[in-house]
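**Q** Encoded as structure tokens, here's the structure I'll be asking about.
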Amino acid sequence: MIAALAVSVALATASSTPAPPDGTYTYTISKAGTVTGKTSVTVKRAGTSIALHETGTNDVYSFVVDEMLDAVTLAPQTYTGTYMKGNASQVARVTFDSKGAVETRDGVSGSADLPLPPGDKNSYALEYVIMTGFLMLPAQLHASGATSFSQIMPAEVQQFPARTDPIPAGPRPAGVPATDLSLTVQSGVAFDIWYDPVSYVVHAVSVPTQNLLISLAK
């Protein structure tokens, strides 16, 4: 009886954490107005975790990404990225804990430590035009209350200190609802995430200095 009650409380807490609903989100990638790729992310809650699965292509490579998040805190648990170009492919695997992240590569010995910078308590995987990380970031920062964090880029085995900025990096993209809020992040490059403040669904990601726009198609 106690165990059942504990499970019920955990599920209720998880369901009350604002985050994009389960479903598939398809995005169009464009540079300077020219479409360069497409990607789809599936979000599915499974017990005490949220599973994200993404497949896409861009002007550099094709990719498949799987990430697991804690359903209550939305903190990342694992991230696996498979990057394919021509006949070559590389698989990066990242695990997260309270100290930061550790990355390994299939077929490569050893591991890379990606520790949290002093003062930060959160690491998030955000890379190039892969939407898995960007889709969840507004909800994750709302849940954690963080205004600074470590940005992990598994494809490059890199990390950058990142912080939120109250001033958008660029104008609201065409087609983004007037009710959307912007989450602006200053990192290796400044970018805006435009999202619905109720559902936390991301409608667009813009990187003004690169003329890059990722917009929700459906």
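The values are calculated or read from the model by the stated rules, or taken from the named source; none is laboratory data. On a predicted model such as this, the values are computed, not experimentally measured, just so you know. We place every Cβ from the backbone using ideal geometry, glycine too, and count neighbours over all the protein chains shown.
**Q** Evaluate the following for residue 195: is it closer than 18 Å to residue 67 by Cα and of a type in the set (Ser, Thr, Tyr)? Before you say what the answer is, go through the steps one by one.
**A** Values: closer than 18 Å to residue 67 by Cα: no; of a type in the set (Ser, Thr, Tyr): yes.
So residue 195 fails the test.
**Q** Identify all residues within segment 193-208 that are more than 19 Å from residue 23 (Cβ to Cβ) and crowded, with 22+ Cβ neighbours inside 10 Å; write none if there are none. Please lay out each step first, then the result.
**A** If we filter segment 193-208 for residues that are more than 19 Å from residue 23 (Cβ to Cβ), which is where we start, we get 206-208.
If the condition is that a residue be more than 19 Å from residue 23 (Cβ to Cβ) and crowded, with 22+ Cβ neighbours inside 10 Å, then 206 is the only one that fits.
**Q** Suppose we keep only residues that are part of a loop (DSSP other than H, G, I, E, B) and in contact (Cβ under 8 Å) with a residue 12 or more places away in the chain within segment 131-170. Which one would you say is nearest to residue 17 (Cα to Cα)?
**A** Here is the first cut: in segment 131-170, the ones part of a loop (DSSP other than H, G, I, E, B) are 145-147, 157, 166-170.
Applying the additional criterion that residues be in contact (Cβ under 8 Å) with a residue 12 or more places away in the chain yields 146-147, 157, 166-170.
On the way: 146: 16, 147: 18, 157: 30, 166: 23, 167: 26, 168: 25, 169: 28, 170: 29 Å.
By that ranking, first place goes to 146.
**Q** Take residue 155 and tell me if it is touching a Gly at 6+ places or on another chain (Cβ under 7 Å) and surrounded by 16 or more Cβ atoms within 10 Å (Cβ to Cβ). Spell out the reasoning first.
**A** Working: touching a Gly at 6+ places or on another chain (Cβ under 7 Å): yes; surrounded by 16 or more Cβ atoms within 10 Å (Cβ to Cβ): yes.
For residue 155, the condition - touching a Gly at 6+ places or on another chain (Cβ under 7 Å) and surrounded by 16 or more Cβ atoms within 10 Å (Cβ to Cβ) - is met.
**Q** Being surrounded by fewer than 16 Cβ atoms within 10 Å (Cβ to Cβ) and out of contact with any strand residue (DSSP E or B) (no Cβ under 6 Å at 6 or more places or on another chain) is the filter here, so list the residues in segment 36-52 that pass it.
**A** Listed by number, the residues that qualify are 46, 47, 48.
**Q** Residue by residue through segment 171-192, note down the ones that are farther than 28 Å from residue 22 by Cα, at pLDDT 95 or above and part of a loop (DSSP other than H, G, I, E, B). Break it down into steps so the answer makes sense when it comes.
**A** Restricting attention to segment 171-192, the residues satisfying the condition of being farther than 28 Å from residue 22 by Cα are 171, 186-190.
Cutting the leftovers down to at pLDDT 95 or above gives us 171, 186, 190.
The answer is 171, 190.
**Q** Next question, about the same structure. Can you list residue pairs whose Cβ atoms sit under 6 Å apart, with the first residue in segment 101-113 being among the polar types (S, T, N, Q) and the second being outside any loop (DSSP other than H, G, I, E, B) and surrounded by 11 or more Cβ atoms within 10 Å (Cβ to Cβ)? Count only pairs 6 or more apart in sequence or on different chains.
**A** Short answer, once both residue conditions are applied: 104/93; 111/102; 111/104.
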